[in-house]
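The values are calculated or read from the model by the stated rules, or taken from the named source; none is laboratory data. None of these values were measured; they are calculated from a predicted model. Neighbour counts run over all protein chains shown; Cβ positions are idealised from the backbone, glycine included.
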C-alpha cells in the first residue's frame, strides 16, 4: 500500500485489460469488491481506495444528513478529492494511458456517479450497483462518449426508484450512453446483473 492522498490497495494487471477502480459501500474496505472485480475482468489491475469520511466509524465517500439525504457540498468536494487521487495513482502506477472503469456499490456507486457527472475529464466509464442521483442539478457538461451500466433493485429502500430514474435521466440528457437494469430485489448485487455487466464491459469501449 503506497502512501498517496487516499489510503488504498493496488493489484497489478496480469495482462492487457481495463483498470478497475473499485469503490466500496458504507462501512466497507478496499478489498470488498475485489472478487466482483475478478468476475468482471480477471486480468485487470485493481485500484481500490478507502472512503475518507467516517460515519460513526464506518468509512464512506461523503457525508450525509440522513438516509438518502446527502451533504451536497461534501459530495462535490469529495468527488474532486477522489479525482485528484486518481491523477496521482494513475501516474504513480504507470496506468495513466489505460482505459479506466469504475465499479461501485451503494455509496461507492454514488461517488462513481458523481465522478461521471462532475469530472468527465477523469472518468468516462462506470458500473454502478445500487446507485442513485448523488447531486441535484449536476452541471450540463457534454458526456458524449461516457458509458454507464446501472443495476438497481425495484424494492431498494436506500436507492429509491425516483432517484435512480433521475440519475439515468441526468446521464442521458448530457449525452452519456446508459444501460439500466432493474431486478426484483433490494439493496444488493445480483448474479444476473453481474453477468450483464461483464457483457457490457467486454463488448464495447468508450469512444474517448
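Odds and ends about this structure:
- Test: residue in segment 193-205 that is under 21 Å from residue 24 (Cα atoms), part of a strand (DSSP E or B) and either without any contact (Cβ under 8 Å) to a residue 60 or more places away in the chain or in contact with a helix residue (DSSP H, G or I) (Cβ under 9 Å, 6 or more places away or on another chain) (or both): no
- Note on segment 51-156: enclosed strands (runs of 3 or more DSSP E) holding 3 or more residues that are modelled with pLDDT of 95 or more and closer than 25 Å to residue 34 by Cα are 53-55, 58-60, 100-105, 125-129, 147-153.
- Residue in segment 173-181 that is surrounded by 18 or more Cβ atoms within 10 Å (Cβ to Cβ), outside any helix (DSSP H, G or I) and either out of contact with any strand residue (DSSP E or B) (no Cβ under 8 Å at 6 or more places or on another chain) or modelled with pLDDT under 95 (or both) present: yes
- Subset of segment 19-28 [closer than 16 Å to residue 112 by Cα and part of a loop (DSSP other than H, G, I, E, B)]: 24, 25, 26, 28
- From the options 77, 45, residue that is in contact with a strand residue (DSSP E or B) (Cβ under 6 Å, 6 or more places away or on another chain) and more than 16 Å from residue 105 (Cβ to Cβ): 45
- Selection status of residue 9, surrounded by fewer than 21 Cβ atoms within 10 Å (Cβ to Cβ), at pLDDT below 95 and on the phi < 0 side of the Ramachandran plot: no
- Of all the numbered requirements in (1) in a strand (DSSP E or B); (2) crowded, with 16+ Cβ neighbours inside 10 Å; (3) out of contact with any helix residue (DSSP H, G or I) (no Cβ under 8 Å at 6 or more places or on another chain), residue 32 misses one, and that requirement is (1).
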